[in-house]
Structure formats: structure tokens, C-alpha cells
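Single-structure report; data block below.
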Amino acid sequence: PEGEKDKIFEYHAGGGLGLFFVREILSITDMTIREIGTPGDGARFVIHVLPDGYRIV
């Protein structure tokens, strides 16, 4: 449900650490992640990167 999407990024002892760590690492670099999927159609994640937040090497 729409109101519970942020819960997938919370720390849960014993499992479910992946998305928690992704959000934490992205926040260190001033990036964000959110889930925008439609119930029944699967998850869809968007990572927001600031215009000056990356470089091509």
C-alpha cells in the first residue's frame, strides 16, 4: 500500500537489510531512493542523483 512504502527501507533485525543499506549509502552521497511501483505490478525503484552528484571517468 502507498502509505507503507517507506517501511521497506527500514532496518529489520534478522533480515531485510539490503534496501536499508542502499538508502543509507545513497544518503551519504546526497542521493535518494524511493519505490514508485503499483501494487500487483511489482516494485519499481527510482534513485535521484543531483546534477553535480556524479562524474563519468
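Before moving on, here are some points about what is shown:
- Candidates Asp41, Asp52, filtered to the one that is closer than 22 Å to Glu2 by Cβ and assigned to a loop (DSSP other than H, G, I, E, B): Asp41
- The one condition from (1) loosely packed, with under 11 Cβ neighbours inside 10 Å; (2) outside any loop (DSSP other than H, G, I, E, B); (3) not hydroxyl-bearing (Ser, Thr, Tyr) that Gly14 does not meet is (2).
Every residue, every condition in (1) surrounded by 11 or more Cβ atoms within 10 Å (Cβ to Cβ); (2) modelled with pLDDT of 90 or more, yes or no:
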| site | (1), (2) |
| --- | --- |
| Gly3 | no, no |
| Phe20 | yes, yes |
| Glu24 | yes, yes |
| Ile28 | no, yes |
| Thr38 | no, yes |
| Ala43 | yes, yes |
| His48 | yes, yes |
| Asp52 | no, no |
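The values are calculated or read from the model by the stated rules, or taken from the named source; none is laboratory data. Nothing here was measured: the structure is a model prediction, and the numbers come from that model. No Cβ is skipped: glycine too gets one built from the backbone with ideal geometry, and neighbour counts run over all protein chains shown.
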